[in-house]
Amino acid sequence: MVDKIDIAIVGRGLIGGITALALSKTGATIALIDKIKTEKLDSIGFDPRTSTVSKTSKRMLDVLGLWKDLDAFSNPILDIKVEEGGPKNSIIFSSDLVPGEPMSYVVENDKLREIIFKKIRKKTNTILFDNFELKTISHSPQGIELFPKKDVKISTNLLVGADGRNSAVRRLAGFKSKCRQYHQKAIVLIVKHSISQRNTARQLFFPPGPLAILPLKDNRSSIVWTMDIPTADKYLKLPPRNFIKELESRVGKSLGSISLSGEILSYQLDLQFAKNIVSPGISLVGDAARIIHPIAGQGLNLGLRDVAVLAEVVVDALRLGLDPGDLYSLRKYERWRSLDTAAMVASTDGINKLFSNKIPTLAFSRKFGLKLIDSSNLIKRFFMRQAIGELGTLPRLLRGEEL
Ligand SMILES: Cc1cc2nc3c(=O)[nH]c(=O)nc-3n(C[C@H](O)[C@H](O)[C@H](O)COP(=O)(O)OP(=O)(O)OC[C@H]3O[C@@H](n4cnc5c(N)ncnc54)[C@H](O)[C@@H]3O)c2cc1C
């Protein structure tokens, strides 16, 4: 039976885990809760996806002491090549345009999770709960009360919803959200290939949707292939060897001979965003706050930027002797995150609409648009800085500074 906890975080995903690490430095007592059992959460293959982590996100992982263990498992991206209808109509976003560190890195989600939770388990002020599904919350003079199980009662001053797409915190706090189906699935797999991709990521646009090739170590690449649901379902029924043949027919000879490494997975895609992400003593982070199209590989990065800002306002509130759930501080978090979120929702949604269709007038706009972007380093730099997360005022963790 646990009673009073300073901060309760619901969701032991990547974002919930990193929120706990960032806030643990305050010395506050933290409960990190998930409905799934620990053995499953910790198992290899729990999340076999990869993520592109931008250089500002990497700085934050560095300050939190995670990057030193992750570095050996990450692969830098120096150039991004975007092709529409074949290699002739292509542009390159080269890191020379934004000098300094590589613009992003590809990391394996399972590895990142393992490193996060190894570190959390050493924190004496953080208690992990598993097999606890949050179903109700209530407000009391002691704070917000959670009753995940009959024999356990947690009351907290700050409840953080890091509980992903069907966030119970979002629903129970009464935050309204909008949702629109993309009628697309992302097919995700890792392949081994004979020709090295070095540090170049490629995004190939086809009418049913984009195909991303993200370079990993050891001549492997992560493939995120988005297409309309009927086409995806047809491909998912193919034996793996035939699926790889279909893939080869799209990527040409650029990867050499290709073989499957691991499973072929699929995710149905939608756009979701909560209109408000804070109320007294409650805040949302990561996919609980919004879900965007994976076209630009930015969902996790947006979540990390949420955590960087939330941790900063909470730390500043605690230093002033205020409550971690102080509404004025939480509203600052909500305002600070609104522009970045709106811009990323609009740009990922817009790019997907423009490129994932067969409408002839849009085909002209695509060709014209790519030529226009290619003609101006200024426009290219703007897009790159948005993806890196360098637009607007950066919180301390994203600048690579301690909280
Ligand atoms: C195909 C694909 C490719 C992607 N690629 C990239 C990429 O390259 N780069 C990038 O930045 N992003 C990428 N993303 C997005 C990224 O994966 C997500 O934004 C990120 O994983 C969200 O993490 P999270 O911790 O917020 O949520 P989740 O990982 O969904 O974690 C939520 C946790 O909350 C728990 N939970 C839920 N409800 C309850 C409850 N009621 N009680 C207790 N626990 C609960 C769940 O069990 C889960 O463990 C991609 C997404 C997809 C679909």
Out of the trypsin sites (Lys or Arg not before Pro) in segment 89-197, which ones are loop residues according to DSSP with at most 10 other C-beta atoms within 10 Å? R121, K122, K150, K176
Please give the Cα centre distance for segment 47-68 versus segment 228-271, rounded to the nearest Å. 27
How high is the FRET efficiency from D151 to D62, r the C-beta distance, R0 45 Å, rounded to 0.05? 0.65
Label-point gap, in nm, between T136 and K245 - each point 7 angstrom along Cα→Cβ: 5.8
What order, most packed first, do the peptides 231-238, 74-81 have when packing is the mean number of other Cβ atoms within 10 Å of each residue? 74-81, 231-238
With the dipole of the chain defined by +1 on each Lys or Arg Cβ and -1 on each Asp or Glu Cβ, the option from L238, I154, F175 whose Cα lies farthest towards the positive pole is L238
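Work through the residues other than G143 whose Cβ is under 14 Å from its Cβ and net out their charges, Lys, Arg +1 and Asp, Glu -1.
On the way: positive: K4, K153; negative: D3, D6, E145, D323, D326.
That sum, taken over residues with Cβ under 14 Å, equals -3.
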Using a 10 angstrom Cβ neighbour count of at most 11 plus a DSSP loop assignment to flag exposed GluC sites (Glu not before Pro), which longest range of the chain is free of such sites? 1-262
Run down the aspartates and glutamates and flag those whose C-alpha is under 12 Å from the C-alpha of K4, throwing out any fewer than 8 positions away in its chain. E145
Test of understanding: what is the full-extension gain from K353 to E263, defined as 0.36 nm times their sequence separation minus their Cα-Cα distance? 29.5 nm
The FRET efficiency for N199 and I127, from their Cβ-Cβ distance with R0 = 41 Å and rounded to 0.05, is 0.50
If the viscosity is 1.567 mPa s and the temperature 4 °C, what translational diffusion coefficient in µm²/s does Stokes-Einstein give for the chain when Rh comes from Kirkwood over Cα pairs? 59
Nearest 500 deg cm²/dmol is fine: what mean residue ellipticity at 222 nm does the chain get from its DSSP H runs of n ≥ 4 alone, each adding -39,500 (n - 2.57), divided by its residue count? -11000 deg cm²/dmol
Give me the distance in nm between label points sitting 7 Å out from Cα along the Cα-to-Cβ direction at K111 and L391, one decimal. 3.1
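Note down the net charge around F175, summing +1 for each Lys or Arg and -1 for each Asp or Glu among other residues with Cβ under 13 Å from its Cβ.
Net charge around F175: +4.
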Sequence-distant residues sharing a close amide H with I36 (under 5 Å, placed H): N131, F132
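FYI, it's all coordinate maths here, none of it is from the lab. Just so it is clear, the structure is predicted and the values come from calculations on it, not from any experiment. Positions of Cβ are backbone-derived with ideal geometry, glycine not excepted, and every protein chain shown enters the neighbour counts.
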